[in-house]
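Asker: Got a structure for you, written out below as structure tokens; questions coming shortly.
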Amino acid sequence: MISDRNDAFALERARTRDVEAVVLDPASHADRAAYDHALREMLESERIDYVALAGFMRIIGPETVDAFRGRILNVHPALLPSFAGAHAVADALAWGVKVTGVTVHLVDDEVDHGPIVAQEPVAVRTDDDWDTLESRVHGAEHRLLPSAVRALVEGRIKVEGRVVHVLGEPGLG
């Protein structure tokens, strides 16, 4: 497990499950390209085959995307293509949408853009604030991402252009 922040709760969660967890600090690299190079090297040195991004608030650079093309999933707290970027929950509230949600997509060269593997809607309630809506969005993320990762690892994700078919998985694809 790699984190870009040393205070990420995921580090503790991984360590309590005997999963190796490390911090790759962006501040210790000269620029984005150097960070991306270090990330790719770390993944390859550990012989990682697939990458799942959850709460990793860094743009994955072209070196890593190219090395793992078709093998990187990202979970995003909105129904893409709506509300791409780092403030999706706040943006949904500010726009007054009635439904937002979660998207799991393959990572490509653009931010929050790759082919969509799975989506789940989340209703926005009239009394929602950032905390209450984010909590329900996280619940949807926790349901979708594991199934999508399993399908990717099992070779059940087939991409035709931007259309994704997930073989044998109701609710995905």
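Asker: Taking 0.36 nm per residue of separation and subtracting the Cα-Cα distance, what length does fully extending His113 through Ile48 add? Kindly include the intermediate steps, with their values, before the conclusion.
Answerer: Values: separation 65, 0.36 × 65 = 23.40 nm, distance 2.31 nm.
Contour length minus the Cα-Cα distance gives 21.1 nm.
Asker: Separate question: Taking only the alpha-carbon atoms of the chain, what semi-axes of the equivalent ellipsoid follow from 5 times the gyration tensor eigenvalues under a square root, in whole Å, largest first? Present the calculation step by step, with values, prior to reporting the outcome.
Answerer: Working: eigenvalues 132, 82, 51 Å².
Semi-axes (√(5λ), whole Å): 26, 20, 16.
Asker: Residue separation times 0.36 nm, minus the C-alpha to C-alpha distance between Asn6 and Ser82: what's the value?
Answerer: Working: separation 76, 0.36 × 76 = 27.36 nm, distance 3.00 nm.
Computed gain between Asn6 and Ser82 is 24.4 nm.
Asker: Separate question: Let me spell out the model: positive unit charges on the Cβ of Lys and Arg, negative unit charges on the Cβ of Asp and Glu, origin at the Cα centre of the stretch 84-173. What dipole size does that give, in debye rounded to 20?
Answerer: Working: 8 positive and 15 negative charges, 85 e Å.
The calculated dipole for the stretch 84-173 is roughly 400 debye.
Asker: What is the antiparallel percent of DSSP beta bridges lying wholly in the chain, to the nearest 5? Walk me through the numbers before you get to the answer.
Answerer: Working: 15 of 20 bridges.
About 75 percent, rounded to the nearest 5.
Asker: Report, by chain and number, residues whose modeled amide H sits under 5 Å from the one on Val23, excluding near sequence neighbours (fewer than 5 apart, same chain).
Answerer: Ser3
Asker: Here is a follow-up. Report the charge-dipole magnitude of the chain in Debye, nearest 20, computed about the Cα centre from +1 at each Lys and Arg Cβ and -1 at each Asp and Glu Cβ.
Answerer: Numbers: 18 positive and 29 negative charges, 110 e Å.
It comes to approximately 540 debye.
Asker: Among Gly85, Gly55, Gly155, which one shows the highest mean-square fluctuation when the chain is modelled as a Gaussian network with alpha-carbon springs under 10 Å?
Answerer: Gly155
Asker: OK, next. Against the globular-protein guess of 2.2 N^0.38 Å, express the Cα radius of gyration of the stretch 71-156 as a ratio, rounded to two decimals.
Answerer: Numbers: Rg = 12.8 Å, N = 86, 2.2 N^0.38 = 12.0 Å.
The reported ratio for this selection is 1.07.
Asker: Would you mind checking the tilt of helix 32-45 against the longest principal axis of the Cα atoms of the chain, expressed as 0 to 90 degrees and rounded to 10?
Answerer: 70 degrees
Asker: Give the angle, between 0 and 90 degrees and rounded to the nearest 10, that separates the Cα long axis of helix 130-153 from the longest principal axis of the Cα atoms of the chain.
Answerer: That helix lies at roughly 50 degrees to the long axis.
Asker: Let me ask something else. With unit charges on the beta carbons (Lys and Arg positive, Asp and Glu negative) and the dipole taken about the Cα centre of the stretch 6-101, which residue among Leu11, Gly55, Leu80 sits farthest to the positive side?
Answerer: Of Leu11, Gly55, Leu80, it is Leu80.
Asker: If you don't mind, another one. What is the mean projected area of the alpha carbon convex hull for the stretch 115-166, to one decimal in square nanometres?
Answerer: Working: hull surface 16.5 nm².
Mean projected area for the stretch 115-166: 4.1 nm², to one decimal.
Asker: With springs only between Cα atoms under 10 Å apart, run a GNM on the chain and tell me which of Leu39, Leu11, Leu106 wobbles the most.
Answerer: Highest fluctuation among the options: Leu11.
Asker: In whole percent, how big is the carbon plus sulfur part of the accessible area of the chain, probe 1.4 Å, protein atoms only? Spell out each step's value before the answer.
Answerer: Numbers: 5280 of 9930 Å².
Exposed carbon and sulfur together represent 53 percent of the surface.
Asker: Another question, if that's okay. Mind checking the per residue accessible area of the chain for me, 1.4 Å probe, whole number of Å²?
Answerer: Numbers: 9930 Å² over 173 residues.
Per-residue accessible area for the chain comes out at 57 Å².
Asker: Determine the calculated [θ] at 222 nm for the chain from helices alone, applying -39500 (n - 2.57) to every DSSP H run no shorter than 4 residues and normalising by the residue count; nearest 500 deg cm²/dmol.
Answerer: Working: 5 runs with 60 residues, N = 173.
When only DSSP H runs of four or more count, the value is -11000 deg cm²/dmol.
Asker: For Ala52, enumerate residues with amide H under 5 Å from its amide H, sequence gap 5+ or separate chain, H modeled in the peptide plane.
Answerer: Correct list: Leu73.
The values are calculated or read from the model by the stated rules, or taken from the named source; none is laboratory data. Just so we're clear, the structure is a prediction, and the values are computed from it rather than from any experiment. Heads up, the Cβs are rebuilt from the backbone with ideal geometry, glycines too, and the neighbour counts pull from every protein chain shown. Just so you know, the surface numbers come from the protein's heavy atoms only, side chains and all, with ligands and any DNA or RNA stripped out. Shrake-Rupley method; radii C 1.70, N 1.55, O 1.52, S 1.80 Å.
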